[in-house]
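The values are calculated or read from the model by the stated rules, or taken from the named source; none is laboratory data. For clarity, every value in this text was computed on a predicted model and none was experimentally measured. Here the Cβ positions follow ideal geometry from the backbone for every residue, glycine too, while neighbour counts run over all protein chains shown. All accessible areas refer to the heavy atoms of the entire protein, side chains included, with ligands and DNA or RNA removed. Shrake-Rupley method; radii C 1.70, N 1.55, O 1.52, S 1.80 Å.
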Amino acid sequence: MEVNQAKQEHLLALKVMRLTKPTLFTNMPVTCEDRDLPGDLFGRLMKEDPSTIKGAEALMLGEMLTLPQNFGNIFLGETFSSYISVHNDSTQEVKDILVKADLQTSSQRLNLSASNNAVTELKPESCIDDVIHHEVKEIGTHILVCAVSYTTQAGEKLYFRKFFKFQVLKPLDVKTKFYNAESDLSSVTDEVFLEAQIQNITTSPMFMEKVSLEPSMMYNVTELNTVETGDEGTSTFGKMSYLQPMDTRQYLYCLKPKSEFAEKAGVIKGVTVIGKLDIVWKTNLGEKGRLQTSQLQRMAPGYGDVRLSLEMIPDTVNLEEPFDITCKITNCSERTMDLVLEMCNTRSIHWCGVSGRQLGKVSPSASLSLPLKLLSSVQGLQSISGLRLTDTFLKRTYEYDDIAQVCVVCPYMSRES
Amino acid sequence: MDNNETPAQRPVTLDITGAVEVKPSLSAAVIPPEPSLLPSSDVHFQEESIDLGGESFITPEEDSHSMPSESLMDKLNDQMMESVMISDSPNNSEEDDVVPMDNLLEQFEEREEEQAAAVVKETLVAEEKKEVVEEKVDDLIGQDTTEIKIEAVMMQTSPVASSPEEPLENVKQKLTTDDQDVITVSISAVTPEDSTPSSGSPKPEAAALETSSKGTTSKDESIPVCTIFSQGSQPKVQALVPDGFQPTLIKSPSFSSGTGGSTEITPSQLAPLVCQPSPSLSKFFSDSGHVNPATDFFDSFTTSSFISISNPNAESPKSAAPTERQLSASSGSSLPLQQAPVEPALATAPPQPFTQLQAVFSGGDDPFATALNMSEADKRYDAWLPSEETRKVLISMAMQQYSQVFVERERLAMPGLKFDNLQGDAVKDLMVRLMGEQAAMKRQVLTANSVEQSFLGLKQLISTKNWRAAVDLTGRLLTAHGQGYGKAGQPSSHNTDSLQLWFVRLALLTKLSLFQNAEMELEPFGNLDQPDLYYEYYPTVYPGRRGSMVPFSMRVLHAELPQYLGKPQESLDRLHSMRTVCQTILDNLEQGLAEDGSMINLTQENRQASLQLWKSRLSRVLYAVANCLLMMKDYVLAVETYHSIIQYEPQQKVQLLSGIGRIFLQIGDIKTAEKYFLDVEKATLEKGSGTTDTCVLMNRAFIYLSQNNYSDAHSSFAEVLKIDPKNPVANNNAAVCLLYLGRLKESLRQLEGLVQQDPALYLHESVLFNLTTMYELESSRSTQKKQALLESVACREGDSFNTQCLKLV
């Protein structure tokens, strides 16, 4: 009993309510026809119901806003908004009221109150209102700590506080994968493709407003998520850009090293920072969330000591007709090399020219261009293989097979038929 | 349950509290002699902790149940802490009952664990370990201490769930098995194994888990839970197949803390999510584990011992099948028997003699004369296309070959009441409970007894919103027809009136959200295609009349019902077959045939009327399809379907386009919503009338709302009110905006004023819910204010009022 009396002694009451977006009221249409037993009764009841859409009562989604019905879930990147109301429940005036709202996370404590000034007086039945906003930046337990201090008319200083605990959950699952456009022609430009799988792991649909890749200073990025048709590109995800719970969507980006970086060494070595994904989504009535991934890092493919890439190759060639390709040989090692080129014929590819010729010395990071001639004796898509480079200093041989493909066609087909 | 641990933990917490720094800064500003406050046993100092975790709530019963032993100290502490209103659970918001805070938090943990246990049993141990950690935190908060030092513990709890081995394994797999170049972006920094504290044995928790799960099973058995928008529990995050993909750390862009590692979580560590708040009020209400009034009612008519005093006609369900005579004596006299005089005799007759009778009567009929008798309107409204099988039976019926027409019992619809009495008035019960018998005497509503036992009385009950009483009355009238309680499965004949009664009964049950009851009683009707549900089955009673005895609206109801019981796919199936029938009938009409495809010539006038009727029916079915899709959150198809209705109901174009716009707003796609709202503006310009301006303004307000611009949203709603001051939606929405602007008192005043001035418009579930929520936010005396609302409800509303929106329980 004593305890209960003590409880009554606080003159102020603190109330906190999370302000998620309001929801639209849905009604349940039950209709009948004029000839049915209730006649126009059901129709009239539905017309009188303020929550129905007048003229289209069978439409379920109404216009009436209802306040949030429960705390709901809060996800990383969303904004936590809360109404804090301090009400004078007593019959006497209270002075010097200070309301303080702090948010305790696992790593820090933040002050969320709009003002830290004390309110000089609060009359009975009146209240102090505050709406706080905070963009949630951490996962895990959060505790909203609301502290109220005030002075009674008798001059007694009182203080109390309340804790509100909630969990911040992760809204998205992001997985990334790099594809190096290496073994085909585009390796000339050192393009990298990034595939990002984004999964909605919340329980409500999410409208993906923006999923963009912010490249690091070394790269230019092209988004490959729209199909150009006429003036406007249409999204590859269809008309409606929302993601149902547990749905995953793939975003594709093409990254090209800026010329100044690409040419410096001919190759980008080791681990490079590609950039980060910036994701903005919206849910119910525009509730917004935003996240960024950490810097995405890519291990550049190891080219070994000597890298052989193609600078020029025709896509289609005639059967048994010599054609030219240009290879680029780059010394990726730290030492100077003395290279000998061997050309080995395969079942379909026949090299023209002398095998075993000296290419001379190549210093570190230097490269040389090498025009070669060859022909194919078999039709169809043929793989160019059989180049061997030997470093005479170390007596080490590097093999290059499946460097590129060409389509071999027979030019006489049409005449014969 | 944590008796084992608390003694061990306490000293630690005290140590930590000693070491904190933040408190002095606060107290220095406000309460100068802070030490003097604490030691003095004056209990001015209060602390509370409320867990806002998801939709959790605790009933007091559960508390006492799961917390049998507690130290005296704890109890004292707990008593001091009042439970406070928070936005989520109505239970927590009850000012007067003292929910011990420790219990509150622990309950939450238990529930969390329960969930996890349901999803992944094998991870139970990990969960329990985590719980220990959590409890430690709770203990810290639970103390009458001044500060909490939780960082260290928090770190450990941050991987919120499940299997400890998985994440590492995955990463390994990825690294080893993938030949593409995959780069580790982030690896989970914290594994649960490393961080589990050593103290605490899992056993007591396991026991507690059992008790609490028992608690929930009984709760689950509750009743007609409206399952709109219910979502299945989150599927367990599968162990990932090594696909070369790399979990990527995501963080808020402005997050600058250097402790990024601690927040990293691999996908498999994700906690099972708590269900999202549902947009439907009724879901919220039925979610509450409280024994609510609706539950009482349901229990009362399902338990066999219940005998209604107020309804002398109602017999106890034990004496299941009431004799026909008794009932017709009591209520049959006023039952309108518009059908053929043979009907009462036929009602209880077994099927064979009945068909014999038909055979006898049919001999003298002139088919041509009767065909003329059949009114065009009847034909139009009753038209339906039975299934092939049913059609054969009906044709042979028409051939009058009794011996050949043997319809198996299973092929007949043999309905009966599945529950007997639904009497009750939630408003009155609540008044008795809160204000005493005396105050409750003022509550006067019509009951099934106080009206004429006829269709007229039934209509009276419906229009006064006494739907429960109306359901009772339909029960009596159906009992008089021989389809009363326990008659299901027994042969009885149907007529127009009995089916209309069934329709009204089922429609009201649906309106009352008693979906399971409706489903039970609809079950004997099957798919509404039994031969005895067609007029052709009764050539003597309805000579020459053809078509479906089941009203179209009942078919719609039958199709819509499963979606409210969590079976939206079934609803879609039924609705699509209805749609096909409607479409075929329209095609028939357009090809110059009769509705059923026969070659009967229709006059131009009748054809037009029929086309119009069937178009409106088709659009009703399409509305139902779209509504169902919307519930399933299949927005693409829902929008498409709503759009397709415009061609049949061009006068509803504005409403439909606005509705589609709102769907997009709900998804969060504001740009597309704006496009649709622009179309609405164009459409209203075409109409050229000034009356639709409100619609445009309303849409604009919703756009502002979605941009977090509550002040402009408020002024748009206010503009609507300038044009249409009585618009309840704009009034309510303007008040809601005020709350988001931090103007609680104004908002309250506005809503309160509306409810007092125009109760007819504003005693609506949604408005009252908003109002009571604001009362709770405003002051500790919300209960009195809510009771005042209850009184005004008692003066106006019928027994179908949903008292849960007052949050008084």
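Pairing residues of region B:604-622 that are under 15 Å from B:ASN588 (Cβ atoms) with residues that are among the polar types (S, T, N, Q), at Cβ distances under 7 Å and at least 6 apart in sequence or on separate chains, gives B:LEU618/B:GLN583. Entry remark, region A:114-132: residues being part of a loop (DSSP other than H, G, I, E, B), more than 34 Å from the chain's Cα centre (by Cα) and within 11 Å of chain B (Cβ to nearest Cβ) number 6 in total. Screening A:VAL30, A:VAL99 for residues that are touching a Leu at 6+ places or on another chain (Cβ under 8 Å) and facing another protein chain (nearest Cβ under 7 Å) leaves exactly one candidate, A:VAL30. Of the set (1) facing chain A (nearest Cβ under 7 Å); (2) under 24 Å from A:PHE71 (Cβ atoms), all apply to B:TYR775 but (1). Being assigned to a loop (DSSP other than H, G, I, E, B) and within 7 Å of chain B (Cβ to nearest Cβ): is that true of A:SER85 here? It is false that A:SER85 is assigned to a loop (DSSP other than H, G, I, E, B) and within 7 Å of chain B (Cβ to nearest Cβ).
Residues in region A:17-27 that are facing chain B (nearest Cβ under 7 Å) and either surrounded by fewer than 23 Cβ atoms within 10 Å (Cβ to Cβ) or closer than 25 Å to B:SER658 by Cβ (or both): A:ARG18, A:LEU19, A:PRO22, A:THR23, A:LEU24, A:PHE25, A:THR26. Taking region A:208-251 as the range and being open to solvent by 40 Å² or more (accessible area, probe 1.4 Å), of a type in the set (A, V, I, L, M) and within 9 Å of another protein chain (Cβ to nearest Cβ) as the test, only A:MET246 passes. Go through (1) at pLDDT 90 or above; (2) part of a loop (DSSP other than H, G, I, E, B) one by one and return the number of the condition B:ARG620 breaks. Only one criterion in (1) at pLDDT 90 or above; (2) part of a loop (DSSP other than H, G, I, E, B) is unmet by B:ARG620, namely (2). Looking only at residues in region A:133-154 that are open to solvent by 40 Å² or more (accessible area, probe 1.4 Å) and more than 8 Å from chain B (Cβ to nearest Cβ), the one that is modelled with the highest pLDDT is A:HIS133. A single member of B:CYS737, B:CYS695 is open to solvent by less than 40 Å² (accessible area, probe 1.4 Å), at the interface with chain A (Cβ under 9 Å from one of its Cβ atoms) and under 27 Å from B:ILE670 (Cα atoms), and it is B:CYS737. Restricting attention to region B:411-453, the residues that are farther than 18 Å from B:ARG468 by Cβ and open to solvent by less than 10 Å² (accessible area, probe 1.4 Å) add up to 3. Here A:VAL406 fulfils each of the conditions (1) in a strand (DSSP E or B); (2) open to solvent by 40 Å² or more (accessible area, probe 1.4 Å) apart from (2).
Listed by position, the helices (runs of 4 or more DSSP H) enclosed by region B:712-809 that each have at least 3 residues that are in contact (Cβ under 8 Å) with a residue 40 or more places away in the chain and not hydrophobic (A, V, I, L, M, F, W, C) are B:765-778, B:782-796.
Of all residues in region B:424-482, those satisfying the criterion of being closer than 19 Å to B:LEU763 by Cα and among the basic types (Lys, Arg) are B:LYS428, B:LYS442, B:ARG443, B:LYS465, B:ARG468. You will find that of B:LEU512, B:LEU506, B:LEU456, the residue that is within 14 Å of chain A (Cβ to nearest Cβ) and either buried (at least 24 other Cβ atoms within 10 Å of the Cβ) or touching a strand residue (DSSP E or B) at 6+ places or on another chain (Cβ under 9 Å) (or both) is B:LEU506 and no other.
A Cβ distance below 6 Å, combined with a sequence gap of six or more or placement on separate chains, defines the contacts here; from region A:195-207, residues that are facing another protein chain (nearest Cβ under 8 Å) reach residues that are β-branched (Val, Ile, Thr) and crowded, with 22+ Cβ neighbours inside 10 Å in the pairs A:ALA196/A:THR176; A:SER204/A:THR283; A:PRO205/B:ILE667; A:MET206/A:THR283; A:PHE207/B:ILE667.
State the number of residues belonging to region A:273-300 that are of a type in the set (Lys, Arg) and at the interface with chain B (Cβ under 7 Å from one of its Cβ atoms). Number satisfying all stated conditions: 3. Run A:GLY275 past the list (1) outside any loop (DSSP other than H, G, I, E, B); (2) of a type in the set (Gly, Ala, Ser); (3) more than 30 Å from A:ALA196 (Cβ to Cβ) and report the number of the one that doesn't hold. Checking A:GLY275 against (1) outside any loop (DSSP other than H, G, I, E, B); (2) of a type in the set (Gly, Ala, Ser); (3) more than 30 Å from A:ALA196 (Cβ to Cβ), the one that fails is (3).
Screening the candidates B:SER711, B:SER715, B:SER747, B:SER780 for the property of being within 11 Å of chain A (Cβ to nearest Cβ), open to solvent by 20 Å² or more (accessible area, probe 1.4 Å) and polar (S, T, N, Q) yields one hit, B:SER780.
Looking only at residues in region A:42-77 that are open to solvent by 10 Å² or more (accessible area, probe 1.4 Å) and outside any loop (DSSP other than H, G, I, E, B), the one that is nearest to the other protein chains (Cβ to nearest Cβ) is A:GLU63.
Run down A:ASP130, A:ASP96, A:ASP173 and say which single residue is in contact with a strand residue (DSSP E or B) (Cβ under 6 Å, 6 or more places away or on another chain), acidic (Asp, Glu) and crowded, with 21+ Cβ neighbours inside 10 Å. Every option except A:ASP173 fails the conditions. In region B:783-809, the qualifying residues are those that are among the charged types (D, E, K, R) and under 23 Å from B:LEU461 (Cα atoms), and the one that is most open to solvent (accessible area, probe 1.4 Å) is B:ARG796.
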